[in-house]
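Written out below as structure tokens is the structure these notes cover.
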Amino acid sequence: MNTPPNLILLFVILFNFFILGTSRLNTCIRSVALQGALLSLLPLFLHTLTFHTYLLAVGAFVLKGLLMPWLLFRAIRQVKIRREVEPRIGYIPTLLLGALTTAGAFIFGDRLPLLPEHLHSLFIPAALSTLAAGFLMLITRRKAIAQVLGYLMFENGIFIFGTLLAETMPFLVEMGVLLDMLVAIFVMGIVMHHINREFSTLNTEQLSLLRE
Amino acid sequence: MIIRLLLHFLLLAGLSPLLIGVITRTKAIIAGRQGAPLWQPYRDLRRLFGKDMVLSSTTTWVFRAGPVVGIAVPLIAALLIPFGAVGAPLSFSGDLVLFVYLFGLARFFTVLAALDTGSSFEGMGAAREATFSCLAEPTLFVAFIVLARISGSFTLDTMFKTLLANNLQTVYGVSLVLTAICLFIILLAENSRIPFDDPNTHLELTMIHEVMVLDHSGPDFGLILYGAAMKLMVMGTLVVNFIMPPSTGDLFVDAAFYTAALLALAVGIGLVESGMARLRLLKVPQLLIGTSLLSFFALVLLLR
């Protein structure tokens, strides 16, 4: 339980709770970035240190830990939002849902037919609960930028799954996922800019008011 | 047996005001002031006990009972927990339930005493205290369940004494660390320390605990302060017990270790209070529920 990968995964789960519970956008972005940066260390502990794993770790670190937060901070500077994330349902219900899905992830993770070495590890529960937390962010937040953060958490969850397979998974696939994310952030940045220019707010509920 | 009982009482009665003094002094030093001397809380208590008491004519015996229960409860609760390696003088299976509800009893009487004055201001404080302690209680229980599960015992003495320092390296380590963090946050919440309540303010609408005791004066107020100090020490003991070394065999060396750890905890509380601002009142339930989720997560980790 006290091995470095498990500790990293524990921190990732704790970050999930923290992100779901916090109301400040800046803190949210920083936490998601930190979560991604922590995860990028995971391949180093898990696999034999080949060029492949180094590249994976460094690539993930630069993208998740540096580039994406920089893009997001730039985006909120441009559209001038400093306000809170404005959840659709309150922080406490979101947190409770997050706890439920985490507990569910632990129960479900133990029932999956896994390889013996992955059984009872924290990987599957951590991946599932991060996915669920990302989903919750997507569903419960009104602001487009918080929903982007939800996507990022989602990707973090997929990354945990991916590290389990890093030996067999072609390098191109991993990098493809990361690049997809980067492009998605770019696109979301542009979309946010447009929403902001049209409605002078980032509230996605305004989008449903569009008429012919 | 008698020696242990006496040692428990002496430590509790003698040391608890010093903790308040250490916290205040730490905060003063961090803020660049010299601060009150460490024994200022003892002087305050002596001054208060030498005073006369003013009782409002609208109050009944409930108003007097509040402070008395408030000081009796930490005295009894302290008997149930070990002070470091110094074993608990009184313990039986299931005493963790008694421990939690003893504090519930004290809270009940404090709230009643506040309501008894008929002041709307104190009623507001009573409502807040009741709400926040409701949210803090599950954490305490879940934390105790974690410890009971690890130690396989429902006795607080065994739960806290046998294992904690040794088990940090084992599979239980993570759950233990999370539980310790939860208990520290509960310590701050239950003793109305800074992220939850500011013990220094007396004229703000956001205060929780202090508002309930505004009508108490003289010896009654002294009892309340003394009881609050003892409560801080008892709750602090729960946290300190996580890092205590195993018994050296000599009762007094153990007690010295415990005292040192407790003073270090007081400095820690002072540092936390210097580094943080008080939370907005609306955020307090959020943090408390987050804490109970954290303790719940520790339990999930343990059960799988």
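The values are calculated or read from the model by the stated rules, or taken from the named source; none is laboratory data. Worth saying up front: this structure is predicted, and the values here are computed from it rather than measured. Methodologically, a virtual Cβ is constructed for each residue, glycine included, from the backbone with ideal geometry; neighbour enumeration extends over all protein chains shown. Accessible surface is based on the protein model in full, side chains and every heavy atom, while ligands, DNA and RNA are left aside. Shrake-Rupley method; radii C 1.70, N 1.55, O 1.52, S 1.80 Å.
Put the Cα centre of the stretch A:133-164 next to the Cα centre of the stretch B:4-76 and the gap is 50 Å. Shape of the stretch A:4-209 from its Cα gyration tensor (a ≥ b ≥ c, root eigenvalues): rounded if a/c is under 1.5, otherwise prolate when a/b > b/c, or oblate? Oblate, because a/c is 1.5 or more while a/b does not exceed b/c. Taking each DSSP H run with n ≥ 4 as -39500 (n - 2.57) and averaging over every residue of the protein assembly as shown yields -23500 deg cm²/dmol at 222 nm. I'd like the orientation of helix B:95-116 relative to chain B: the angle between its Cα long axis and the longest Cα principal axis, in ° from 0 to 90, rounded to 10. With rounding to tens, the tilt is 10 degrees. Excluding same-chain neighbours fewer than eight residues apart, the lysines reachable from A:Lys80 by a Cα-Cα span under 26 Å are A:Lys64, A:Lys143, B:Lys283. Taking all protein chains as they are arranged and a probe of 1.4 Å, the heavy atoms of B:Tyr101 leave approximately 120 Å² accessible to solvent. Residue ranking by accessible heavy-atom surface, 1.4 Å probe, largest first, among B:Ile269, B:Ile71 comes out as B:Ile71, B:Ile269. A 1.4 Å probe run over the protein chains yields, for the stretch B:2-303, 42 Å² of accessible area per residue, whole-number rounding.
Tell me whether the stretch B:1-87 comes out rounded, prolate or oblate; compute the Cα gyration tensor, take square roots of the eigenvalues as a ≥ b ≥ c, and use a/c under 1.5 as the rounded threshold. Oblate, since a/c reaches 1.5 and b/c is not below a/b.
Partners of B:Lys161 within straight-line reach, counting lysines whose Cα lies under 30 Å from its Cα and excluding those fewer than 8 residues away in the same chain: B:Lys231.
What's the carbon and sulfur percent of the stretch A:4-209's accessible surface, probe 1.4 angstrom, rounded to a whole number? Carbon-and-sulfur percentage of accessible area, whole number: 71. Once the Cα atoms are used to define both axes, helix B:40-49 deviates from the longest principal axis of chain B by about 50 degrees.
Accessible-area rank, largest first, for A:Leu138, A:Leu55, A:Leu25, B:Leu282: B:Leu282, A:Leu55, A:Leu138, A:Leu25, with all protein chains present and a 1.4 angstrom probe. Rounded to the nearest 20, the Cβ-based charge dipole of the stretch A:4-209 about its Cα centre (Lys and Arg +1, Asp and Glu -1) stands at 900 debye.
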